[in-house]
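Structure record follows, encoded as structure tokens.
The values are calculated or read from the model by the stated rules, or taken from the named source; none is laboratory data. Remember, predicted model here, so these are calculated numbers, not experimental data. Because the Cβ atoms are built from the backbone with ideal geometry, glycine has one as well, and the counts that use them run over all protein chains shown. These area figures cover heavy atoms from the full protein model, side chains too; ligands, DNA and RNA do not enter into them. Shrake-Rupley method; radii C 1.70, N 1.55, O 1.52, S 1.80 Å.
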Amino acid sequence: MSASASARLGGAIRGRTAVVAVGNTAQGTVPGISADELAVEGLRVTLAGSGIDKAEIDGLITCKSYGGFGIDTEIGRLAGLNPAYSATLDYGTCNFSLHLACAVIDAGLASVVAIVYGTNQRSAGNTFSHPLGRQDEASVYGFLNVAGPAAMAFRRHQLLHGTTEADLAEISVSQRGYAVDNPLAIFRAPMSVEDYLAAPYLVAPLRRADLCMISDGAACLIVARADRAAELTERPVHVMGIAQQTGLRDRQNADQWLRPWIRQVAERVYPAAGIDQDGIDALYIQDPTSVWVLQMLEYYGFVEPGGVGEAFRSGAIGHGGRLPLNTNGGQLSEAYMWGFLHLCEAVRQLRGDAGERQIEGLTTAQYCSTFGFMKAASTILSTEAP
């Protein structure tokens, strides 16, 4: 694919869709309710908070939670919906689901799409790990959970760039600073770099603060065609640019631990949105591990390779810095919701609805996410119409 053709990907969507509502349930442990029921509650809360009537929804996109729940046919039945369009993504972390919603709307298959996710993964005892004894590469090498590959990725980064554990600590510490003011967050106790370094290893060189907390809960976004968005809310948040890239060749890719193909998303998403990194007022990065934040800060051009620690310490990025990062505390401190809460937070910040952690003057936000070592995606949102 030529560079010019690559840059055009995602650009046709600019300003044609907008997020008109976001909502979520409580996070943590919610026993006695299924993932599908939680998802429907997330939809109910979002509709009630926005004043949008359920009858306006003509599209439904759901995301399978760990264990296979979250099917559109079941959630549609429970929610009492017969939408014109529906689909379920096996791995619909909110960027991928949002991009599908934009495509569905642009194709004319629906005009108002509810993106719904619910999970009871914590109360159900899901461990997000492979069972011992499986005869596959992950089990043979002991990579039974994302912590193992992430630890290897950080070791590779240390070798190439001299990054220290204290540098990595800055990510978790910064996000905890935001979580202190977030009543939804699971981890709210203040944490310093010294606190981080004093904690034992979980999977060396990673500690507990480098990994997300499995949680129950639900979240929902409602996305609409631009003209419909103007009818549904006075404060639409416009989708300005989207981009994706796969790494499906897996270990055939050079330096796959570091996932260098993420850089191709950055090459597309900024031209698609018509801005560059300097135009981003707030940044959100999906963070099942802090190592993924480190990688994406570099690949999206916010930090030079090996410069993450200094970027936080200098005040360029993070809590109290010039570029806010994961102002909800991210998955490391708030809750593990496959990135849905990142987009909820981005929309709330852009609308001025973030309460005590509100950062003034934000008009544009970017969300970056990945599906392990397989896929990457990014979305740029703005309160300003193109």
Checklist entry - How many residues, within the stretch 254-281, are open to solvent by 20 Å² or more (accessible area, probe 1.4 Å) and either assigned to a loop (DSSP other than H, G, I, E, B) or at pLDDT below 95 (or both)? => result 7
Checklist entry - Taking the stretch 173-183, which residues are more than 9 Å from residue 329 (Cα to Cα) and open to solvent by less than 40 Å² (accessible area, probe 1.4 Å)? => result 173
Item to check | Scope the stretch 232-253; condition over 30 Å from residue 51 (Cα atoms) and either open to solvent by 60 Å² or more (accessible area, probe 1.4 Å) or touching a strand residue (DSSP E or B) at 6+ places or on another chain (Cβ under 6 Å) (or both); matching residues | outcome: 243, 244, 245, 246, 248, 249, 251, 252
Item to check | In the stretch 190-207, the residues that are in contact (Cβ under 8 Å) with a residue 40 or more places away in the chain and either open to solvent by 40 Å² or more (accessible area, probe 1.4 Å) or among the aliphatic types (A, V, I, L, M) (or both) | outcome: 202, 203, 204, 206
Next on the checklist: Looking at 266, 335, can you tell me which residue is of a type in the set (Gly, Ala, Ser) and more than 26 Å from residue 189 (Cα to Cα)?
Outcome noted: 266
Checklist entry - Going through the stretch 340-386 one residue at a time, which ones are open to solvent by 30 Å² or more (accessible area, probe 1.4 Å) and closer than 13 Å to residue 328 by Cα? => result 348, 353, 355, 356, 357, 358, 359
Checklist entry - Which of (1) at pLDDT 95 or above; (2) crowded, with 20+ Cβ neighbours inside 10 Å; (3) of a type in the set (Val, Ile, Thr) is the odd one out, the single condition residue 164 does not satisfy? => result (2)
Item to check | Of the criteria (1) at pLDDT 95 or above; (2) among the polar types (S, T, N, Q); (3) within 30 Å of residue 76 (Cα to Cα), which one residue 172 fails | outcome: (3)
Next on the checklist: Would you confirm, using the coordinates I've provided, whether residue 287 is at pLDDT 95 or above, part of a loop (DSSP other than H, G, I, E, B) and either farther than 18 Å from residue 96 by Cα or of a type outside the set (Lys, Arg) (or both)?
Outcome noted: yes
